[in-house]
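Structure, as structure tokens:
Each value in this text was obtained by applying a stated rule to the coordinates, not by laboratory testing. Here the structure is a predicted model, which means the values were calculated and not measured. Here the Cβ is made from the backbone with ideal geometry for all residues, glycine too, and neighbour counts use every protein chain on show.
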Amino acid sequence: MDVTWVIVVILIGLILTVAPLLGRYLAAVLGTGSAPGDRIFLPVERFVYRLVGVDPEREQRWTAYVFSLLAFSLVSILGLYGLLRLQGVLPFNPNRAGGVEPLVALNVAVSFVTNTNWQNYGGEGTLSYLPQAVGLATQNFVSASVGLAVMAALIRGLARRRSDTIGNFWVDLTRITTRLLLPLSILFALALVTQGVIQNTSGFQEVAIVEGGTQSIPGGPVASQLAIKQLGTNGGGFFNTNSAHPFENPTEISNVLELAAILLIPFAAPFTYGAMLQRRRQGKAVFWAMFILWIAGAGIAVVAETNGNPAFSAYGISQEATEASPGGNLEGKEVRFGPGLSALWAASTTATSNGSVNSMHDSYTPVGAIVTLSNMLLGEVSPGGVGVGLAGMLIFVVLTVFIAGLMVGRTPELLGKRIQAPEVKLATL
């Protein structure tokens, strides 16, 4: 069996075993009762609440929740923008990078705060280590937490009756960050370091190369940022070539770890949904809908890329696997991963809106490219980003319930709540 299919089986096993456990744990974290780790995390959370002046017992109406979210995002954009503009006079700048240009800094700030992570710069050449480690990595955490907080608020809105509150944004943000993202990121970062992902504060080092002359080798705190980049479906790389760079993704094991990090939390979200509703079968139904879409796309992409580019056959170019080559369509791909693992990553990163890459998607075969485009056009539901993937799927649930109700001549209802024209209009928006 090809190593790609072995890794597909391993990933499926991880998803089916870990995602339900992680989902139920997250439901406990977002609930009002006791949760695992209270003895460790509660003192930290109470300190944070006192520091920012938040009453954890006071819940918010949806308007206050949205206002808190938008205010937090605005402050985050301004803070990150200032950090990028001032990096030339700040410490931890071994490469003496100057301040980022105003428009580039604004683009980066908005992109990372909104979990878009679109990059119009080369990380190793443009940014110093302070903005990378304190600015971008922090936003990788909190932007993912915001997505999960929105998911939690939506689930509470569906589950509660005769209540005008949907939780407290500041409490959700704190608990998700401290109890879920931080512990997982520490574990993943340590695992990645064992595979050769770098974690240092060294600047560029000039080394002699075999052909003569020298080459600049970059350094930086990569593993700590890479872990949350994947877990939070952020995707913005420390290096310009993202996870195709050997310092971000050096081995097949690191590749599997990073793929698992992309997929676990989005696939855990449906189980959180089922646990918070106390209707686990509904959560499982949403999970299987997401899972089928992902595995179908991944399978098609892997087969298309491992079979090679059909245009080459007319010129007699061999794309068969040999001892020296994995075969298949190798254009734009790293030989250490080959076309199969590259296609699996491409299908997963576009299905989760992660955006990280270990190959260049514009070099894919037509069928492989259709998978990546289809995942993007589906709108983050297979399984989508952390939190927002489930929210996107629930929009389809609302529309499906409405249409099905009309077809059978019954008043459409979801969890005992009527689905009428106002709800459908909001869902379509």
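Please state the equivalent ellipsoid semi-axes for region 388-428: what are the square roots of 5 times the Cα gyration tensor eigenvalues, largest first, in whole Å?
They are 18, 10, 9 Å, listed from largest to smallest.
Have a look at ALA301, ALA268, ALA189 and tell me which one the Gaussian network model of the chain (Cα, springs below 10 Å) gives the largest fluctuation.
ALA189
For the chain, give the share of DSSP beta bridges that are antiparallel, in percent and rounded to the nearest 5; count only bridges with both residues there. Mind showing how you got there, number by number?
Working: 8 of 8 bridges.
Here the antiparallel bridges make up roughly 100 percent for the chain.
Classify region 256-306 as rounded, prolate or oblate from the Cα gyration tensor: take a ≥ b ≥ c as the square roots of its eigenvalues, call it rounded if a/c is under 1.5, otherwise prolate when a/b beats b/c and oblate if not.
Since a/c reaches 1.5 but b/c is at least a/b, the shape of region 256-306 is classed as oblate.
Regarding the chain, what is the average projected area of its C-alpha convex hull, in nm²?
24.4 nm²
Using a Cα-Cα cut-off of under 20 Å, which lysines could be cross-linked to LYS425, ignoring same-chain neighbours fewer than 8 residues away?
Qualifying lysines at Cα under 20 Å: LYS417.
Pick out the long, greasy-scoring helices in the chain: whole DSSP H runs spanning 27 Å or more along their own axis by Cα, mean Kyte-Doolittle at least 1.0.
Those that pass (Cα extent of 27 Å or more, hydropathy at least 1.0) are 3-30, 62-85, 137-159, 252-277, 388-408.
Roughly how many whole Å is it from the C-alpha centroid of region 57-100 to that of region 352-389?
28 Å
Let me know the shape class of region 70-199, please: from the alpha-carbon gyration tensor, a ≥ b ≥ c as square roots of the eigenvalues, rounded when a/c is under 1.5, otherwise prolate if a/b is greater than b/c, or oblate. Intermediate values should be presented prior to the final figure.
On the way: a/c = 2.90, a/b = 1.62, b/c = 1.79.
Oblate shape, in that a/c is at least 1.5 and b/c is the bigger or equal ratio.
Taking amide H atoms as placed 1.01 Å from N in the peptide plane, list the residues 5 or more away in sequence, or in a different chain, whose amide H sits under 5 Å from that of GLU413.
Close amide H contacts, sequence-distant or interchain: ILE419.
Could you go through region 204-219 in sequence order and give the Karplus-derived ³J(HN,Hα) for each residue, using 6.51 cos²θ - 1.76 cosθ + 1.60 with θ = phi - 60°, rounded to whole Hz, and x for Gly and Pro?
Residue by residue, region 204-219 yields 5, 10, 8, 10, 6, 10, 4, 6, x, x, 10, 9, 8, 9, x, x Hz.
Could you name the lysines in cross-link range of LYS229, using Cα to Cα under 25 Å and dropping any fewer than eight places away on the same chain?
Within the straight-line limit of under 25 Å, LYS229 reaches these lysines: LYS333.
What does the highest-first list of 197-209, 304-316, 403-415, 215-227 look like by mean Cβ count within 10 Å? Provide the component values of the computation, followed by the final result.
Working: 197-209: 13.8, 304-316: 15.5, 403-415: 12.2, 215-227: 21.7.
With the highest mean Cβ count within 10 Å placed first, the list reads 215-227, 304-316, 197-209, 403-415.
Any chance you could check the Cα centroid distance between region 104-135 and region 192-209 for me, in angstrom?
21 Å
GNM, the chain, Cα, under 10 Å: largest mean-square fluctuation among ARG281, ARG61, ARG39?
ARG39
Would you please give the FRET efficiency between LEU86 and ALA64, computed as 1/(1 + (r/R0)^6) with r the Cβ-Cβ distance and R0 = 45 Å, to the nearest 0.05?
Working: r = 33 Å, r/R0 = 0.73.
With R0 = 45 Å, the Cβ-Cβ based efficiency is 0.85.
In a GNM of the chain with a 10 Å cut-off on Cα contacts, which of GLU211, GLU331, GLU59 has the highest mean-square fluctuation?
Highest fluctuation of the listed residues: GLU211.
Could you tell me the relative contact order of the chain? Use alpha-carbon pairs under 8 Å, at least six residues apart, and round to a whole percent. Don't skip to the end; give the middle numbers.
Details: 675 pairs, mean separation 68.1, N = 429.
This gives 16 percent for the chain.
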